[in-house]
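The values are calculated or read from the model by the stated rules, or taken from the named source; none is laboratory data. Bear in mind that the values here come from a model prediction, so they are computed numbers and not experimental data. A quick note on method: Cβ atoms are made from the backbone with ideal geometry, for glycine too, and the neighbour counts reach across all protein chains shown.
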Amino acid sequence: MNPNPAYALRTALASDLDALTELEQRAFTLSDGPLTRRAFAYHLRSKNLLLVVLDHGQPQRLAGYILVFMHRCSARIYSLAVSSEHQGRGVAKTLVKAACAEAVARDLDCVNLEVRPSNDAAIGLYESIGFQKTSLRKDYYGLNENGWRMQWRVKNTA
Ligand SMILES: CC(C)(COP(=O)(O)OP(=O)(O)OC[C@H]1O[C@@H](n2cnc3c(N)ncnc32)[C@H](O)[C@@H]1OP(=O)(O)O)[C@@H](O)C(=O)NCCC(=O)NCCS
């Protein structure tokens, strides 16, 4: 689950709130609608899956996070970001694979997400794990900005 020994994966804690908020503000522009500090505080208390990857520096720094909504039959990756200095090292892949492993453990049918068609890095990441584009959702991100729905099927991957 954590192929790179320089990183450690764990569930997010209340003490990660500042680092999560800072990473989010650096990873997304205002027009992307970044999660607010208040939203992270809510998700830290919720039963949603919020995982973080830390590097092994002293002090440890937040390298990335994933937020996943767990529904009765499916999971939905709601947000994912890796800080720029840790990109390209498999951090996102570790996080997405952990979300998929949780879907398997909960016996769900699939993991869904939406992604901007312009986000080549994210689409490449999801495809490298086995997600497939299932539909183009018109104006999903606002007028004239569609969204790809992508899906990873638990049952096909056993
Ligand atoms: C998209 C994002 C999460 C990728 O994080 P990352 O940790 O750099 O990704 P990884 O190193 O785990 O890459 C895993 C795979 O993704 C694909 N990938 C990553 N970056 C890519 C790029 N720039 N172009 C194409 N494919 C890419 C590759 O298949 C890669 O596997 P490989 O290195 O074996 O070729 C990161 O760029 C990010 O935080 N971007 C800003 C926020 C964002 O767009 N979030 C996603 C919203 S849906």
Check your understanding: Can you spot a residue in segment 30-48 that is surrounded by 14 or more Cβ atoms within 10 Å (Cβ to Cβ) and under 21 Å from residue 152 (Cα atoms)?
Key -> yes
Practice item. Could you tell me which numbered condition residue 10 fails, if it satisfies all but one of (1) modelled with pLDDT of 95 or more; (2) assigned to a helix (DSSP H, G or I)? Key: (2)
Point to revise | Filter result for the condition that a residue is closer than 20 Å to residue 23 by Cβ and part of a strand (DSSP E or B), over 51, 44 | key: 51
Revision key, fill the gap. Among (1) on the phi > 0 side of the Ramachandran plot; (2) touching a residue at least 24 places away in the same chain (Cβ under 8 Å), residue 88 falls short only on (2)
Check your understanding: What are the residue pairs meeting all of these: first residue in segment 107-128, first residue at pLDDT 95 or above, second residue near the ligand (Cβ under 6 Å from one of its atoms) and in a strand (DSSP E or B), Cβ atoms under 8 Å, and 6 or more apart or on different chains?
Key -> 122/80; 122/115; 123/115; 126/115
Review point. Within segment 91-106, is there a residue that is within 22 Å of residue 35 (Cβ to Cβ) and surrounded by fewer than 16 Cβ atoms within 10 Å (Cβ to Cβ)?
Key: no
Point to revise | Residue count, segment 112-127 (criterion: in a strand (DSSP E or B) and more than 7 Å from the ligand (Cβ to nearest atom)) | key: 2
Check your understanding: Among all residue pairs at least 6 apart or on different chains, which show Cβ distances below 9 Å where the first residue, located in segment 31-42, is more than 17 Å from residue 68 (Cα to Cα) and the second is of a type in the set (Lys, Arg)?
Key -> 32/116
Review point. When you scan segment 83-111, how many residues do you find that are away from the ligand (no atom under 16 Å from the Cβ), of a type outside the set (Asp, Glu) and in a helix (DSSP H, G or I)?
Key: 3
Exercise for review: Could you grab me the full set of residues in segment 128-146 that are outside any loop (DSSP other than H, G, I, E, B) and more than 9 Å from the ligand (Cβ to nearest atom)?
Suggested key: 132, 133, 134, 135, 136, 137
Exercise for review: Go over the candidates 51, 44 one by one and state the one that is modelled with pLDDT of 95 or more, within 17 Å of residue 98 (Cα to Cα) and not small (Gly, Ala, Ser).
Suggested key: 51
